Structure formats: C-alpha cells, structure tokens
Amino acid sequence: MRAIRCLTLLLALFAPAAFAEGLYQVEMILVRQNSVPAFTSPFAPEDWSAGAPRLAKDAERRPALEDEATR
C-alpha cells in the first residue's frame, strides 16, 4: 500500500502540467436567500487590479449566463 502511494506521488510530480490555450471567461451567479444572513468580508483595496493585463475591447464578449441572471 505504501508503494502505491509513493508511485502515485512520483507520477504526479513527473506528469506534464496542463496549460490553457488562451484566456477564459469565468462567470459566477451568486444567489442568497433573505432568511440567511449575508457573509460579509472586507472591501477590496482601490488598486486591486494594479498590474493586471487589460482585455482589448474587440476581445470582449457577451456573458453566457446573462439570460439566467436577469431572471
């Protein structure tokens, strides 16, 4: 059993890493019930996106979940 764990760890270390071919758009819809109190966290600083690459206007696209969010 110990050999299987070691072999799994070695395979994980030598397996090729997976990389994305390009940029991906991540969408999230947050739904909260009124009876459950909201979990609040500290606000993000004003310069939270400092140094992040900007997406060109021609590369932007309409969100896929926009119809579900309007419901």
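Here are some notes:
- Between the residues Pro37, Leu9, Leu55, the greatest Cα displacement towards the positive end of the dipole of the chain, with unit charges on the Cβ of Lys, Arg, Asp and Glu, is found for Leu9.
- Nearest-ten-degree value, helix 2-14 long axis tilted from longest Cα axis of the chain: 60
- For the chain, taking the reciprocal of the average inverse distance between every pair of different Cα atoms yields a Kirkwood hydrodynamic radius of 18.2 Å.
Just so you know, all these numbers are worked out from the coordinates, no wet-lab data involved. A quick note: this is a predicted structure, and the numbers were derived from the prediction, not measured. Reconstructed Cβ throughout: ideal geometry from the backbone, glycine too, with neighbour counts over all protein chains shown.
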